[in-house]
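Encoded as structure tokens, the structure appears first; notes follow it.
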Amino acid sequence: MDEEQRIREEADEQLINGAFQHLLDCYLASRHRKKVDIITKAFNFARQAHKGVRRLSGEPYIMHPIAVAQIACEEVGLGSTSICAALLHDVVEDTDYTTEDLENIFGPKIAQIVDGLTKISGGIFGEQASAQAENFKKLLLTMSDDIRVILIKICDRLHNMRTLESQPANKQYKIAGETLYIYAPLSNRLGLYKIKSELENLSFQYEHPDEYKSIKAKLASTEASRRELFDQFTAPIEEALKQMNIKYEIKERVKTPYSIWSKMQNKHVTFDEIYDILAVRIIFTPNKREEEVNECFNIYVAISKIYKSHPDRLRDWLSHPKANGYQALHVTLMSKQGRWIEVQIRSDRMNEIAEQGFAAHWKYKDGMEKEFTEDETELNEWLRTIKEILDDPQPDAMDFLDAIKLNLFASEIFVFTPKGEIKTMPAGCTALDFAFSIHTFLGSHCIGAKVNHKLVPLSHKLNSGDQVEILTSKSQHVQASWINFVSTAKAKAKIQAILRRDGREIQKRGEEIFEEFLKKNDIENTLAAADQLAAFHEERNREEFFQSLGEKTILLGEKDLDELQGKNVGENGKKGWRRLIPFLGRDKQKKEDATTQDLFVVTDGFNRKKPIYINDDNIGQFKFRHCCHPIPGDDILGFIDNKHRIEIHKRACPVAAKLKSSYGNRILDAKWDMHKRLFFDATIHIEGIDRMGMVMDISSVISSQMNVNMHKFTITSEEGVFDGSIELRVHDRENVKEIIDQLKKIEGLQEVTQIM
């Protein structure tokens, strides 16, 4: 062994021992029983198993399991069983050890959790489509046996996100995308608010680095004024709390860069127009635990004597905690500076649940680690919903992810049955959703409902506090249109299952028509042929294609035969391809050159780790979808479709979010390399106070001042207020920003936003 290697090994040894000692110190400082021996045994076992292996960052691999165990212990508050499972979570997948080996050494409980984590690791699917959705399904199935599996998986994901820097860009988008789509909402649903915020921020940082840096810089520059506002606002509150002899702590909560960016996108506002960046948190220790709810209201009464409270912004999560266990009283007060500031009032116990979620509820009993100490009902209700989604016999991977998003991560409302029982439902649900939540028979025969004793249709949206009575008829049957206005996963799954059952005969008829067509034209009947024609007719899958054939909404003919034999040609004589060309050249010839290029095809030797560069000459080789309409200057990524062509999406596009979660291995890093030669379509929305000459001023700024071509300008005015949209030809996103900045200077123009 040479000297350099010896020094490196000694440094590694020191690093590993230091990290493990820190983990032990945190564990010993917790309220859990002190099972140091088994944790040390798990550490030594994992260290030996991963010996000589390094991560992409260059550090010894064992540092990753230690870090995951550290998060599980310190940030989620889990005990020895979970810490051991976290230390061992990669052993079965990455080494020759089996689950049986772990069971013999560490017992059945730790082995079961590690087995659950191994099943959802993702290594077994390789390039297969929808791998992450399949893994997520497994994760939820395993979770119904032991919630610690999902908690450790979230810790694992958090550490992967914290060390994402060493991964290539396409992997960063994949991991960040599925984190934002699956793991952040899941963390929120389990009450892990701090972890959820960090996961969102880290995803945002890698997907939109420029916006992230910009918001961080603005937060830093406004910190002094925010601190001054906080001090002035809290001084009289502190005085009042001292007089009440309450043991308290006041903290400031600053909105995260991700939530600021989301608000800027959703509300079409600038950073300076967001007023709820600062919130105040009062955390108190009650004299008696049973009095904590009353004390929250006492504090509210005291502070609302100092500041005027907003009547519509009182949120009482005390009497009805959120499904993730969150309890607090939220009130919005008017500060002396004329700013609304939200104040969150919670006890130390409520704060612990807000920080650590269900893990704070479930302090495992000594020697009875499967049992929880309190409040299992919400969890069991949630797991029951998961099982209902998983019971759906043939959910498409994308539909499955949508169902999970719909139900498990939605905010809640409280609805009453005719007998006064409370049912928790996702916000935005309808009377039909409510009917299916009670019983499938009730839902499938529902003809209407009485909400607060008034007759309403099936599609009526419910609000918190509504009392709902479902009306049924035996002659009623499930309608295909119902799927358009239900929003819960259970209702959608049941309606689809019933429609599928009813539609099987039609589908069978469609299959027979397809077989007859192939036989007549002497073509082999394969699934690939069905998939090809399903894509040609823009059906989502072959089942829907057969359904359309059976319903006679698709009739097979010469074009289908040409498609199967590869003879289809587009208008320009080249092989046809349905795609959006969102750009226009300076002249007709340039446009034709750009649009008649063959699409780029990804071959086996293609390096997916390197970014693809889109320039003025090769832009016609890529597919641009209608879903997000990217133009130069947008953060973009590439996606390899089923025919090995590359689609371009904005990184924030909702379609891309699903693609990153379900087909992560097909994501590519994409960058613009444009030189302001081509023009792209962009639409700007305007609102304001109408006056003489307004249209002339707008036209003058765009056409004369900015020298930009207006393609279409529509405007409507009513009672002195106008609303309109302008379609422009621009080179890039920078052009759009310049135009918006100039338009904002026009007198009477109140709002100028870009339509995505």
Each label sits 7 Å from Cα toward the beta-carbon; between Glu505 and Lys308 the label points are separated, in nm, by 6.7 nm
Need one number: nm distance between label points at Asp673 and Arg55, each 7 Å from Cα along Cα→Cβ, rounded to one decimal. 3.3 nm
Please list the non-local residues whose amide H lies under 5 Å from the amide H of Ile413, H modeled 1.01 Å from N, same-chain partners needing a gap of 5 or more. Met425, Ala427
Over segment 224-350, what per residue volume does the convex hull of the Cα atoms give, in whole Å³? 123 Å³
Expected field for Lys288, accessible surface area in Å² at 1.4 Å probe radius, rounded to 10, holds 120 Å²
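Give me the accessible area per residue for segment 232-290, probe 1.4 Å, as a whole number in Å².
On the way: 3310 Å² over 59 residues.
Averaged over the residues of segment 232-290, the accessible area is 56 Å².
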Quick check: with the 1.4 Å probe, what order do Asp37, Asp635, Asp210 take by accessible area, largest first? Asp37, Asp210, Asp635
Give, in nm to one decimal, the length gained when the segment between Lys419 and Gln337 is fully stretched (0.36 nm per residue of separation minus the Cα-Cα distance). 24.7 nm
Hey, how many Å between the Cα centroid of segment 673-699 and the Cα centroid of segment 164-199? 37 Å
Given R₀ = 30 Å, what would the calculated FRET efficiency be for Lys520 paired with Val601, taking r from the Cβ atoms and rounding to 0.05? 0.45
Solvent accessible area, Å² - His310, 1.4 Å probe, full protein context: 40 Å²
If you place +1 on the Cβ of every Lys and Arg and -1 on the Cβ of every Asp and Glu, how big does the dipole about the Cα centre of segment 405-524 come out, in debye to the nearest 20? 380 debye
Ordered by packing density, taken as the mean number of other Cβ atoms within 10 Å over each peptide's residues, highest first, how do 227-234, 247-254, 82-89 rank? 82-89, 227-234, 247-254
Can you compute log10 of I(q)/I(0) for segment 649-756 with the Debye formula, treating each Cα as one identical point scatterer, at q = 0.19 Å⁻¹? -0.95
If you stretched the chain out fully between Leu28 and Lys745, how much longer would it get, using 0.36 nm times the residue separation minus the C-alpha to C-alpha distance? 252.0 nm
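The values are calculated or read from the model by the stated rules, or taken from the named source; none is laboratory data. These numbers come from a predicted model, not from an experiment. As a convention, Cβ positions derive from the backbone with ideal geometry for all residues, glycine included, and neighbour counts pool all protein chains shown. All accessible areas refer to the heavy atoms of the entire protein, side chains included, with ligands and DNA or RNA removed. Shrake-Rupley method; radii C 1.70, N 1.55, O 1.52, S 1.80 Å.
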